[in-house]
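What follows is a set of notes on a single structure, which appears directly below.
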Amino acid sequence: MILIDSSSWIEALRESGKAEVRKRVEGLLAAGNAAWCDPVRLELWNGARGQQERKALAQLEKTVPLLPVDDAVWDQAVRLAKSARDAGVTVPAVDLIIVACARRHAVDLEHNDRHLTRLQSL
């Protein structure tokens, strides 16, 4: 199972998305290895453009497993925020939650976001 961040979902859902990212996401979906979490769902629905994207998101909600954001994820996100701040790294709070969710559930993270690359190194 691999948690797919909104940065990769966006590339996969849009016809103009980066081909290499689209291919990775499509491969994860085909293999049944794709997952997401509520912060990713929220980001995607908040940015959904047009009926086609909304329809695709509704279908994903039926088929892609949702990794829960529980108290352990929040605790991990706070620890990660402290580590990031100590390292002089400033990132959006939602990225902290997404990385913490992947760590909590011991899954890899598929993304196309430099903030997440920096967080994963902490």
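The values are calculated or read from the model by the stated rules, or taken from the named source; none is laboratory data. This structure is a prediction, so every number in the text was calculated from the model and none was measured. All Cβ positions, glycine included, derive from the backbone under ideal geometry; neighbour counts span all protein chains shown.
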Somewhere in region 79-91, is a residue more than 24 Å from Ala12 (Cβ to Cβ), in contact (Cβ under 8 Å) with a residue 12 or more places away in the chain and of a type in the set (Ser, Thr, Tyr)?
yes
I need a count of the residues in region 96-117 that are assigned to a helix (DSSP H, G or I), at pLDDT 95 or above and in contact with a helix residue (DSSP H, G or I) (Cβ under 6 Å, 6 or more places away or on another chain).
8
State yes or no: is Leu28 crowded, with 16+ Cβ neighbours inside 10 Å and at pLDDT below 95?
no
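Results for (1) under 26 Å from Ala106 (Cβ atoms); (2) touching a residue at least 60 places away in the same chain (Cβ under 8 Å); (3) in contact with a Ser or Thr (Cβ under 8 Å, 6 or more places away or on another chain), shown as yes or no for each residue.
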{"position": "Ser7", "(1), (2), (3)": "yes, yes, no"}
{"position": "Arg14", "(1), (2), (3)": "no, no, no"}
{"position": "Val25", "(1), (2), (3)": "yes, yes, yes"}
{"position": "Gly32", "(1), (2), (3)": "yes, no, no"}
{"position": "Cys37", "(1), (2), (3)": "yes, yes, no"}
{"position": "Gln51", "(1), (2), (3)": "no, no, no"}
{"position": "Leu60", "(1), (2), (3)": "yes, no, no"}
{"position": "Pro68", "(1), (2), (3)": "yes, no, no"}
Of the residues that make up region 92-103, is at least one under 22 Å from Ile10 (Cβ atoms), acidic (Asp, Glu) and buried (at least 18 other Cβ atoms within 10 Å of the Cβ)?
yes
Which one is farthest from Val69 (Cα to Cα) among residues in region 31-59 that are among the small types (Gly, Ala, Ser) and modelled with pLDDT of 95 or more?
Ala31
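Yes/no per residue for (1) among the charged types (D, E, K, R); (2) in contact with a Phe, Trp or Tyr (Cβ under 8 Å, 6 or more places away or on another chain); (3) not in a loop (DSSP other than H, G, I, E, B):
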{"residue": "Trp36", "(1), (2), (3)": "no, yes, yes"}
{"residue": "Val40", "(1), (2), (3)": "no, yes, yes"}
{"residue": "Leu44", "(1), (2), (3)": "no, yes, yes"}
{"residue": "Gln52", "(1), (2), (3)": "no, no, yes"}
{"residue": "Ala56", "(1), (2), (3)": "no, no, yes"}
{"residue": "Leu60", "(1), (2), (3)": "no, yes, yes"}
{"residue": "Val69", "(1), (2), (3)": "no, no, no"}
{"residue": "Trp74", "(1), (2), (3)": "no, no, yes"}
With out of contact with any helix residue (DSSP H, G or I) (no Cβ under 7 Å at 6 or more places or on another chain), more than 12 Å from Ile4 (Cβ to Cβ) and among the aliphatic types (A, V, I, L, M) as the only criterion, which of Ala35, Ala87 stands out?
Ala87
